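Structure first, then comments.
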Amino acid sequence: MSQPVQIARLGAALALAAFVAGCGPTTTPEGVNDVYEPTNRKVFGANQSFDSAFGGGGSGPDVPGPLAAATANLASTVQAPSHVVNDVLQGDVEDAVHNSFRFAINATLGVGGIFDPASSFGLEERENDFGRTLAVWGVDQGSYLVLPVIGPSSQRDLAGMVVDFAINPVRYTLPVEEQFWTLAVRAGDEVFDRLRYSESYDSVLYDSADPYAQARSIYLQNRNFETSGDEADDVYIDPYEDLDF
């Protein structure tokens, strides 16, 4: 892909991010900004049906430990360059250096990212994304959204996913065929997480009085904690986390 085309696509992604993050009513401290709730509930129901069709809410297959671990390590490695870019955009030099060393070690000593020797050196993963970058830049999260298959998000985080996909250096260094496999690895990691934490997922999606409201509350509390660093009374694990391509 030529450099002018890459620059044009990146510019389009940034323009879309600015548009999506800026549209819609702003979030107010009095309550949840969910102006699209009727549509969101329909998408949530479709996602729930999709999840159920693949074993959600029942006894799923056992998680193959070594394969799941290798997939998680690979997913972490292919996302690391994007983490570094966002660290830089947020002016966080310490995390940028930390994640750069982590990537270099796992990409080499970790056999392309299959193993995670960096963690044994104290270089654990420090996740970052463009949604958080937008939050640091003062962009409001906008309205809550539920995306097909992906699940809970917001206008700001949807814009962040688009830009993360565009700015990840991996996209400009690997052939198209290998880029496809990086996406497959990340999708596989999400599937393994779904199996690994099936009890937590199922308790929200199938055992709650209002699964939609419960999933929304969990997502927004977690995301607020991640983007603001504010201490919260209850911190949950997001059972329906984004795929921030």
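The values are calculated or read from the model by the stated rules, or taken from the named source; none is laboratory data. Every value quoted in this text rests on a predicted model; they were computed, and no experiment measured them. Note that each Cβ is placed from the backbone with ideal geometry, even for glycine, and that neighbours are counted across all protein chains shown.
For this structure, a couple of remarks:
- Considering the conditions (1) assigned to a loop (DSSP other than H, G, I, E, B); (2) more than 14 Å from residue 79 (Cβ to Cβ), residue 126 is excluded by exactly one of them, (2).
- Flag if residue 100 is touching a residue at least 40 places away in the same chain (Cβ under 8 Å) and farther than 19 Å from residue 200 by Cα: no
- Taking (1) surrounded by fewer than 22 Cβ atoms within 10 Å (Cβ to Cβ); (2) touching a Leu at 6+ places or on another chain (Cβ under 9 Å); (3) closer than 22 Å to residue 67 by Cα in turn, residue 106 satisfies each apart from (1).
- 3 or more residues out of contact with any helix residue (DSSP H, G or I) (no Cβ under 7 Å at 6 or more places or on another chain) and not polar (S, T, N, Q): qualifying helices (runs of 4 or more DSSP H) within the range 136-208: 176-196
- Test: residue in the range 123-136 that is touching a Leu at 6+ places or on another chain (Cβ under 7 Å) and either over 30 Å from residue 44 (Cα atoms) or free of Cβ contacts under 8 Å to residues at least 60 places away in the same chain (or both): yes
- Positions within the range 110-123 being surrounded by 15 or more Cβ atoms within 10 Å (Cβ to Cβ) and part of a helix (DSSP H, G or I), in sequence order: 117, 118, 119
- Any hit, the range 32-42, residues being modelled with pLDDT under 90 and farther than 25 Å from residue 165 by Cβ: yes
- Checked against (1) surrounded by fewer than 20 Cβ atoms within 10 Å (Cβ to Cβ); (2) closer than 30 Å to residue 54 by Cα, residue 137 meets all criteria but (2).
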